[in-house]
Amino acid sequence: MTGLIRFDDQLNLCLRAEENGIDSMLMAIGFTRPDPLLLTVALGQETKKLKFMVAVRSGLISPAYYVQQLNTASAIIGDRIHINVVSGHTPSELKYYGDFLDHDERYARTGEFIQVCRLFWGNNGPVNFNGNFYQVENGTIKTPFNSPYGRPEIYIGGNSAQSANQVIEHGDCLWRFPDAPDVIQEKTKSVIAAGKQAGFLASIIARPTQSEAEDAALQLLNNFSGKNTSAQEDFYKNSDSVGFKTILETAFANQSSWITPYLWNGAVPYLGAPSIAFVGSYENIAKALMNYKKIGVTQYLFMGWPDEEEIVHFGQGVLPIIRKMEQDIIVGSKNKITEILTGNG
C-alpha cells in the first residue's frame with residue numbers, strides 16, 4: 001500500500017453514505033493512509049451533512065496545536081467534526097513517528113492529551129497544565145471550535161480497562177470490538193453507568209436473506225484460498241493492543257467461526273481484528289443490533305467489502321427495519337402507559 005488516494009473515489013463513497021442515511025465516516029490514521037484531518041477538510045467542502053470522525057494519536061502532535069488545527073477545520077466545514085482518540089496498537093509502527101512509549105505510558109499520555117484539549121475547548125481563560133507528558137503555560141487559542149457545544153464529541157477506542165476509564169473521565173463514547181451480549185454488558189457497564197455511550201467497531205455483511213449473507217461471507221474467504229495467516233500471526237506478535245490480540249486469539253483458537261448466530265470472526269485470521277463481522281439478513285442484523293441496544297450499545301462503526309456496496313445494503317436494507325423497530329417500541333410504550341392509566345381509572 002502506498003498511501004496515495006483517488007480523491008474522486010473517496011468523495012463518491014462519502015456521497016453514497018449521505019444518500020443512505022449514514023451519519024459519519026471514520027477518517028483513520030496510520031502510515032499507510034493520508035493525513036485524516038487534511039482529507040476531512042477536502043471532503044467536507046464537497047459534502048453537505050456528513051460528519052467526519054477524525055482519528056488522532058497523542059504521540060504525533062501537541063494538544064494545543066491539535067486544538068488549533070481542529071478548530072480551524074470546523075470553521076471551514078462547520079459543525080461536522082468529532083474525534084476518535086487512539087493510543088496506537090503496534091510499537092514498531094509508532095516508532096516510525098518517534099513514539100517509543102510502552103502501552104500503559106501511551107494511555108497515560110492520551111489521558112493528559114484529552115485533558116489539555118478540553119481545557120482549551122472549555123474557553124475559561126488561559127490554559128495552564130503541568131503533567132508528566134505535557135506542560136502548557138497561559139495557553140490561548142483564538143479560533144473557536146464551530147459547535148454549539150464548543151468542542152467535538154470525543155470517541156475513545158480500545159478494549160482495555162484504561163480505555164473505559166478514559167471515556168468515563170474525559171470522553172463521550174467508548175469504541176470497542178463486539179462480543180456476545182452478556183460479555184459486552186459486563187465490559188461496558190461502568191461506562192454506561194457513568195452516562196457515557198458504548199459503540200462497536202466491526203464489519204458487516206448484510207443481504208436480503210440469511211443464506212445470501214452467509215454465502216457472501218464464504219465467498220470472501222474463497223478470495224483467500226491458498227493464502228496463509230502469517231500476516232496476522234506476525235501482527236499478533238508485534239502488537240500490544242488488548243483488543244486486537246484478544247480478537248485474534250479467539251479466531252485462531254476456536255473451531256467455530258460464529259461467536260453468536262450473527263457475529264462471525266471467520267475472516268479475522270486473514271484480515272485482522274476489525275474484520276469481525278455482523279453477518280445476516282437485513283432483519284436478523286437489525287434484531288441483533290436492537291438486542292445490543294437494550295444493554296446500552298448505541299453506536300456502530302461499520303466496514304464492508306466493498307464499503308460502498310455495504311453502505312447501500314445497510315442504508316436501504318437494515319436501517320429502515322431498525323427505525324421501524326424503534327418506532328414500534330415508542331408506540332408500544334405509549335400504549336402501555338394508556339393501558340395503565342385506563343386500569344387505574
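The values are calculated or read from the model by the stated rules, or taken from the named source; none is laboratory data. This structure is a prediction, so every number in the text was calculated from the model and none was measured. Note that each Cβ is placed from the backbone with ideal geometry, even for glycine, and that neighbours are counted across all protein chains shown.
Out of the residues in the range 54-76 that are of a type in the set (V, I, T) and assigned to a strand (DSSP E or B), which is surrounded by the fewest Cβ atoms within 10 Å (Cβ to Cβ)?
Filtering the range 54-76 down to residues of a type in the set (V, I, T) leaves 54, 56, 61, 67, 72, 76.
Now narrow it down to the ones that are assigned to a strand (DSSP E or B): 54, 56.
Working: V54: 28, V56: 24.
This residue is V56.
Is there any pair with a first residue in the range 55-70 that is closer than 13 Å to V116 by Cβ and a second that is at pLDDT below 95 and among the hydrophobic types (A, V, I, L, M, F, W, C) whose Cβ atoms are under 6 Å apart and which are 6 or more apart or on different chains, and what are they?
V56/V85
Kindly indicate whether K196 is without any contact (Cβ under 8 Å) to a residue 40 or more places away in the chain, at negative phi and buried (at least 18 other Cβ atoms within 10 Å of the Cβ).
Details: without any contact (Cβ under 8 Å) to a residue 40 or more places away in the chain: yes; at negative phi: yes; buried (at least 18 other Cβ atoms within 10 Å of the Cβ): yes.
For K196, the condition - without any contact (Cβ under 8 Å) to a residue 40 or more places away in the chain, at negative phi and buried (at least 18 other Cβ atoms within 10 Å of the Cβ) - is met.
For the range 10-65, what are the residues that are touching a Gly at 6+ places or on another chain (Cβ under 7 Å), under 28 Å from T140 (Cβ atoms) and among the aliphatic types (A, V, I, L, M)?
A64
Could you list, in sequence order, the residues of the range 77-110 that are modelled with pLDDT of 95 or more and part of a helix (DSSP H, G or I)?
I77
Just wondering, is there one or more residues in the range 40-51 that are touching a residue at least 40 places away in the same chain (Cβ under 8 Å) and either in contact with a strand residue (DSSP E or B) (Cβ under 8 Å, 6 or more places away or on another chain) or of a type in the set (A, V, I, L, M, F, W, C) (or both)? Don't jump to the end; show me each part of the working.
Of the residues in the range 40-51, the ones touching a residue at least 40 places away in the same chain (Cβ under 8 Å) are 40.
Filter once more, so that each one left must be either in contact with a strand residue (DSSP E or B) (Cβ under 8 Å, 6 or more places away or on another chain) or of a type in the set (A, V, I, L, M, F, W, C) (or both): 40.
Yes, there is a match, as at least one residue in the range 40-51 is touching a residue at least 40 places away in the same chain (Cβ under 8 Å) and either in contact with a strand residue (DSSP E or B) (Cβ under 8 Å, 6 or more places away or on another chain) or of a type in the set (A, V, I, L, M, F, W, C) (or both).
For residues in the range 143-166 being of a type in the set (S, T, N, Q) and in a helix (DSSP H, G or I), which is nearest to the chain's Cα centre (by Cα)? Talk me through it step by step, then tell me what you get.
Residues of the range 143-166 of a type in the set (S, T, N, Q): 143, 146-147, 159-160, 162-163, 165-166.
Now drop any that are not in a helix (DSSP H, G or I), which leaves 162-163, 165-166.
Numbers: Q162: 17, S163: 13, N165: 17, Q166: 15 Å.
Here the answer is S163.
If the requirement is being within 17 Å of F113 (Cβ to Cβ) and either more than 17 Å from the chain's Cα centre (by Cα) or among the small types (G, A, S) (or both), which of these qualifies: E186, E169? Break it down stepwise before answering.
On the way: E186 fails: within 17 Å of F113 (Cβ to Cβ).
Only one candidate passes the filter, namely E169.
What pairs can you find where one residue is in the range 291-306 and part of a strand (DSSP E or B) and among the β-branched types (V, I, T), the other is at pLDDT 95 or above and crowded, with 18+ Cβ neighbours inside 10 Å, and their Cβ atoms are less than 6 Å apart, with a gap of 6+ or different chains?
From the range 291-306, the pairs are V297/A198; T298/Q197.
Does the range 147-159 contain at least one residue that is closer than 21 Å to D35 by Cβ, among the β-branched types (V, I, T), out of contact with any Ser or Thr (no Cβ under 9 Å at 6 or more places or on another chain) and free of Cβ contacts under 8 Å to residues at least 40 places away in the same chain? Don't jump to the end; show me each part of the working.
Keep residues of the range 147-159 that are closer than 21 Å to D35 by Cβ, which gives 152-157.
Of the ones still in play, those that are also among the β-branched types (V, I, T) are 154, 156.
Then drop every residue that is not out of contact with any Ser or Thr (no Cβ under 9 Å at 6 or more places or on another chain), which leaves 154.
When the remaining residues are screened for being free of Cβ contacts under 8 Å to residues at least 40 places away in the same chain, the result is none.
Scanning the range 147-159 turns up no residue that is closer than 21 Å to D35 by Cβ, among the β-branched types (V, I, T), out of contact with any Ser or Thr (no Cβ under 9 Å at 6 or more places or on another chain) and free of Cβ contacts under 8 Å to residues at least 40 places away in the same chain.
Looking at T298 and the list (1) among the hydroxyl-bearing types (S, T, Y); (2) closer than 19 Å to G21 by Cβ; (3) surrounded by 15 or more Cβ atoms within 10 Å (Cβ to Cβ), which single condition is not satisfied?
(3)
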